[in-house]
Amino acid sequence: MKRILSGVQPSGKPHLGNYLGAMKQHIEMQKNYEAYLFIADLHALTTVRDPEKMRAQTLDLAASYLALGLDPKKTAFFKQSSVPEHAELCWIFDAITMMPFLERAHAWKDAQAKGRKDATVGLFNYPILQAADILLYKPDIVPVGQDQKQHIEMSRDIAQNFNKLFGETFKIPAPLIEKEVAVVPGTDGQKMSKSYGNTIEIFAEESVLKKQVMGIKTDSTPLEDPKDPEKCLVFTFYKLLATPAQTKSLAKKYRKGGFGFGDAKKALLELILKHFEEPRKKYDKLTKDPKKIQKILEDGAKKAKKIAEKTLNEAKEKIGY
Ligand code: ADP
Ligand code: TRP
C-alpha cells in the first residue's frame, strides 16, 4: 500500500480553501493509502504565541478533521510536537543545507520584501522542518494546496542532498495538487487564507458564516440586469460545492436577470449549510469532548513515532552517530 503524509497548521479556523485544497483529499485518500496526518504545531509557533490559542486551535483543527470523516483507525493522526524526531531531523538537515537555498523560499522572500523586522529564524527555517516532517515517513505522495508546491520541491532537494552525502536513505516524495481547487479564492478575490481575513469557515456559527458569505465581493450590476455567472465570485464558490445540475440551474438565474447578488449569496449560504450539515453536527459534539480528541491524537502519535524513530535511526547511523 502506498503511503501519504500531510500536515496543517493550527493557526486558525479551517476554511473552504483548506477543505477543498487539502483536507478533503486527505480524508478521501485514507481509504486507499496508508495515511499519516499531523497538526503542525511546531510550525505554528512561528505565529501563535498564546498557549490558550495554541491549545484551542489544535483541538479545533482535530475536531474539524474528525467531523469531516477522518478515521483514526485508518489514518495516524497526531500532533507534530508529540513526535520529537521531527525537530531532531530538522537539525540534521540544518547542518547540511546552505543559506542561499533557504533564501529562495517564497515566505522568506515575502517577509524580506516587506522589510519585516519580526521575521524569525523559525520562519527562515520553516522549509527544513517541513522537509523533516515529510521525509521521516518516507511517503509516496504529499497531498497539499498549490501554495505548498515549493516546500515539497525543497524537501525533494534536501532528501537528494542527504542521500548524496551519506547514501540512499530518504524516499523522494511527490506532491499531489488538485488542479480545480489548487487556489480557492477568498471573499475578496485574493487567495483564501487565514492571514488575509477573507475566509469562509466551514464550522463557524451560522451567524458568522452568514456574515462571511454576505461579505463576498461583488460588482455593482443592478439586480434586474442579466449577469455573467463566470465573472462572479459567489458563483465560483457555489460551483465548488454544488452538483452540476445545481450549478446549471443557478447559472440560468444569473443570465435571466432579476436575480441579485444578495439572492446568490443566500443560495450559497444554504448550500454550504446543507453540504456540511452532518460534519457540523459531529463537530459540535466532538468539541464538547476534548479528552476523546486528545486520546485519538496520543494514539496516533504512538503509531507515527514507530516509523519516525526507525527512519531517524537509519539517518543517524549513516551520519556516523
Ligand atoms: P492558510 O493560508 O489559511 O494559513 P494553511 O497554510 O494552514 O492555510 O494551509 C493548510 C492546507 O490548505 C495546505 O495544504 C494549503 O496548501 C491548503 N490551502 C490553504 N489555503 C488554500 C486555498 N485558498 N486554496 C487551496 N488550498 C489551500
Ligand atoms: N506548511 C504547511 C502549511 O502551511 C503545513 C505543513 C507542515 C505540511 N509540514 C508539512 C504540509 C508537511 C505537508 C507536509 O499548510
Selection count where residues are within 10 Å of ligand 2 (Cβ to nearest atom) and among the small types (Gly, Ala, Ser), scope the stretch 133-168: 2
For Glu201: the one exception among (1) charged (D, E, K, R); (2) crowded, with 18+ Cβ neighbours inside 10 Å; (3) closer than 21 Å to Phe93 by Cβ: (3)
Hits in the stretch 178-222 - residues which are under 24 Å from Ala67 (Cβ atoms), more than 12 Å from ligand 1 (Cβ to nearest atom) and assigned to a helix (DSSP H, G or I): Glu206, Ser207, Val208, Leu209, Lys210, Lys211, Gln212, Val213
Selection count, the stretch 10-48, where residues are of a type in the set (D, E, K, R), closer than 17 Å to Ala182 by Cβ and within 11 Å of ligand 1 (Cβ to nearest atom): 1
The lone exception for Tyr126 - which of (1) within 13 Å of ligand 1 (Cβ to nearest atom); (2) closer than 24 Å to Ala63 by Cα; (3) not charged (D, E, K, R) it fails: (2)
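Computed from the coordinates by the stated procedures, all read-outs in this text should not be read as laboratory data. Keep in mind the model is a prediction, meaning the values are calculated, not measured. Here the Cβ is made from the backbone with ideal geometry for all residues, glycine too, and neighbour counts use every protein chain on show.
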